[in-house]
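S.K.: The following block contains the structure, expressed as structure tokens.
Each value in this text was obtained by applying a stated rule to the coordinates, not by laboratory testing. Quick caveat, the model's predicted, so the values are computed rather than measured. Cβ coordinates were reconstructed from backbone atoms using ideal geometry, including for glycine residues, and neighbour counts include every protein chain displayed.
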Amino acid sequence: MAYRFRTTGREIHNPHRGTVDGLARSAAEEDRLNLLAARAFAQGPGREFLEHLLDTYFSRVLPPAVASEELHHLEGQRWLLSVIARRLELGQLRGPQGHALSFADPDPAA
């Protein structure tokens, strides 16, 4: 199953404006992390593995009598996958300093 994330930034609790995961870091570091995510997960084996994780954890349904701890654990896994998917999306849209992404660039800082 293919997942397509169209996030607006409001879906992930974000006390630090402009960051995907809510941790304070520079815009340049955010761009670098997004580009790394795109390079790792946009195509080939990385994409296939990410699709597997999304299928496994986003489609998983827990029974009504599940323990609170188990539910919190699953939601944490889903949140982490959402962060990866959002970074992938942003990294595909732009590389460092807003330049178009190129998978041919060997250095993410280039």
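S.K.: In nm, give the distance between the simple-model label positions of residue 78 and residue 24, each being 7 Å from the Cα along the Cα-to-Cβ direction.
M.R.: So the label points at residue 78 and residue 24 sit 3.1 nm apart.
S.K.: At q = 0.15, 0.22 Å⁻¹, what log₁₀ I(q)/I(0) does a Debye calculation on the Cα points of the range 28-98 give, no solvent, two decimals?
M.R.: Taking Cα atoms of the range 28-98 as identical point scatterers yields -0.56, -0.89.
S.K.: Right, here's the next one. Once you charge only the Cβ atoms, +1 for Lys and Arg and -1 for Asp and Glu, what is the size of the charge dipole of the range 28-98 about its Cα centre, to the nearest 20 debye? Mind showing how you got there, number by number?
M.R.: Working: 8 positive and 10 negative charges, 50 e Å.
I would put it at about 240 debye.
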